Amino acid sequence: MIVIPEHLVERLFTAEAAFEAVEAVFAAMSRREAENFPVVRDMIGHADAVYGIKSGFDRAGLALGLKAGGYWPGNAEKGLTNHQSAVLLFDADTGRPSAIVSGNHLTAMRTAAASAVSIRYLARPDARVLGMVGAGHQAAFQMRAALRQRHFEKVVGWNLHPEMLPGLAAVAQAEGVAFEAVELDRLGAEADVIITITSSFAPILLAEHVKPGTHIAAMGTDTRGKQELDPGLVAAASVFTDEVAQSISIGECQHAVAAGLVLAEDIGEIGAVVTGAAAGRRSLEEITLFDGTGVALQDLAGAAKVVELARDAGPLVSVDL
Ligand code: NAD
């Protein structure tokens, strides 16, 4: 079994590698060649931590395994990232553990790649202004991946905690793009693509904020009860997701479905747009929404890609179990 530490994942798992892995696995999911297994996720009654296991199998890419980890809110004080995880891969032919891959950078990159895939397939080709709602750990990854998808000239950002926005502005500056902190109504009026990536439990972005033709990647809601969008906005959009079952239970669509505003059968899979089995954006005026809930297969595809790149890169740490 090989062991791939965090620093090697950071070096090898580029935005291109993440995009390629996530795009391919979304397509495999849509062809029913890849399946996510039921998620286990709960408070553990210690250190206020939430711990979970996500697993699945991609028969096309032969990625079999699980990601285990969660959220430890006290970690920041210890100089550690609050989100901690690792991916364990198994040989699909023998069931033997084949690799353990550190999951922190991997998670941020695969999550950013998911919204980037949605932008590539669903945003208007002439999108020029990116709106960022959220300025935490994931936001910088999201913004960097999004900026690669269109000729964005400017980023407008809003965050509940405005003191966090200069950090995001610095990332935009490093990417060579102008950044402006704005109120939500201006963000919606200017942005052609909006990414929401917060820990919110109440709607932030409302239907009246958003102009026709906008693409929204709603990435923060990955748990029951979390919410970033007004259900009326979800109902007004053409909705796509990574996995419908997660979208309606733990994703952004949980609220619009519960309110009877959206039906599960109205939600499209982004993978079907990738394969060409389903249409994406139908007009320049429609609002498209990607509900990115985060599936195990993104982690497994990403980890498998890292293993492939690590084998090419040179000597590996190997252990006999
Ligand atoms: P973080 O703790 O670094 O940042 C949290 C962000 O949410 C900050 O912008 C903060 O200002 C904002 N925020 C906090 N409480 C809020 C509230 N009550 N209302 C509105 N905004 C609030 O977290 P992060 O690592 O950047 O993750 C952001 C979110 O993304 C989390 O909810 C996390 O669970 C989710 N996430 C989703 C996926 C996925 O695949 N969809 C993957 C990783 C993380």
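The values are calculated or read from the model by the stated rules, or taken from the named source; none is laboratory data. Note that the coordinates shown come from a computational prediction; the quantities given were computed from them, not determined experimentally. So basically every Cβ, Gly included, is an ideal-geometry build from the backbone, and we count neighbours across all protein chains shown. Accessible surface areas use protein heavy atoms only, side chains included; no ligands, DNA or RNA. Shrake-Rupley method; radii C 1.70, N 1.55, O 1.52, S 1.80 Å.
Just a few scattered comments:
- Across the options Ala145, His161, Ala279, the greatest Cα extent toward the positive end of the charge dipole of the range 114-294 (unit charges at beta carbon of Lys, Arg, Asp, Glu) belongs to Ala145.
- Each of Ser98, Gly65, Gly314 was placed along the dipole of the chain (beta-carbon charges, centred on the mean Cα), and the one lying farthest toward the positive end is Gly314.
- Accessible area (Å², 1.4 Å probe, nearest 10) - Asp185: 100 Å²
- Multiplying the residue separation of Ala245 and Arg59 by 0.36 nm and removing their Cα-Cα distance gives an extension gain of 65.0 nm.
- Summing Cβ point charges (Lys, Arg +1; Asp, Glu -1) relative to the Cα centre of the range 216-268 gives a dipole of roughly 140 debye.
- Taking each of Lys67/Lys226; Lys154/Lys226; Lys54/Lys78; Lys78/Lys226 in turn, the alpha-carbon distance never tops 31 angstrom.
- Evaluated at q = 0.09, 0.12, 0.16 Å⁻¹, the base-10 log of the normalised Debye intensity for the chain, with identical point scatterers placed on the Cα atoms, takes the values -0.43, -0.78, -1.41.
- Considering only Ala258, Ala237, Ala310, the Gaussian network model of the chain with Cα springs below 10 Å gives its largest mean-square fluctuation to Ala258.
- Kirkwood radius, the range 108-157, all distinct C-alpha pairs, inverse of mean reciprocal distance: 10.8 Å.
- Taking all protein chains together and rolling a 1.4 Å probe, Tyr121 ends up with roughly 70 Å² accessible.
- With the simple spin-label model, which puts each label point 7 Å out from Cα in the Cβ direction, the Glu20 to Glu285 separation comes to 4.1 nm.
- Alpha-carbon centroid distance for the pair the range 272-321 / the range 44-69, whole angstrom: 15 Å
- Computed P(r) (all Cα pairs; the range 12-52; 10 Å bins; percent): 24, 25, 32, 19, 0
- The candidates Thr275, Thr288, Thr94, Thr107, arranged from most to least accessible area with a 1.4 Å probe in the full protein assembly, appear as Thr94, Thr275, Thr107, Thr288.
- Segments 55-63, 205-213 sorted - mean Cβ within 10 Å per residue, highest first: 55-63, 205-213
- Spherically averaged projected area of the convex hull of Cα atoms, the range 1-72: 6.3 nm².
- Dipole magnitude of the chain about its Cα centre (Cβ charges: Lys, Arg +1; Asp, Glu -1), debye to nearest 20: 340 debye
- Residue among Thr14, Thr241, Thr198 with the largest mean-square fluctuation in a Gaussian network model of the chain, springs linking Cα atoms under 10 Å: Thr14
- q = 0.17, 0.21, 0.22, 0.27 Å⁻¹: log10 I(q)/I(0) that the Debye formula gives for the range 55-117, counting C-alpha atoms only: -0.69, -0.91, -0.96, -1.13
- In range of the label at Lys154: residues from the range 105-132 whose backbone nitrogen is under 11 Å from the point 7 Å along Cα→Cβ: 128-130
- More than 17 angstrom apart: percent of Cα pairs within the range 39-81: 46 percent
- Selection from Pro5, Met29, Ala17, by position along the positive dipole direction of the range 1-75 (Cβ): Met29
- Accessible surface, 1.4 Å probe, highest first, among residues Met109, Met43, Met132: Met43, Met109, Met132
- Compactness index (Cα Rg / 2.2 N^0.38 Å), the range 1-158: 1.13
- Space enclosed by the convex hull of the alpha-carbon atoms of the range 154-240, per residue, Å³: 102 Å³
- Highest to lowest packing among 163-175, 15-27, 294-306, scored as the average C-beta count within 10 Å: 294-306, 15-27, 163-175
- Gaussian network model of the chain, springs between alpha carbon atoms under 10 Å - residue of Arg31, Arg281, Arg144 with greatest fluctuation: Arg31
- Reciprocal of mean inverse Cα separation for the range 114-294 (Kirkwood radius, Å): 15.8 Å
- List Lys78, Lys154, ordered by accessible area with a 1.4 Å probe, largest first: Lys78, Lys154
- The modelled label-to-label distance between Glu208 and Asn75, using points 7 Å beyond Cα along the C-beta direction, is 4.0 nm.
- q = 0.13, 0.14, 0.28 Å⁻¹, the range 250-318: log10 I(q)/I(0) [Debye, one scatterer per Cα]: -0.60, -0.66, -1.26
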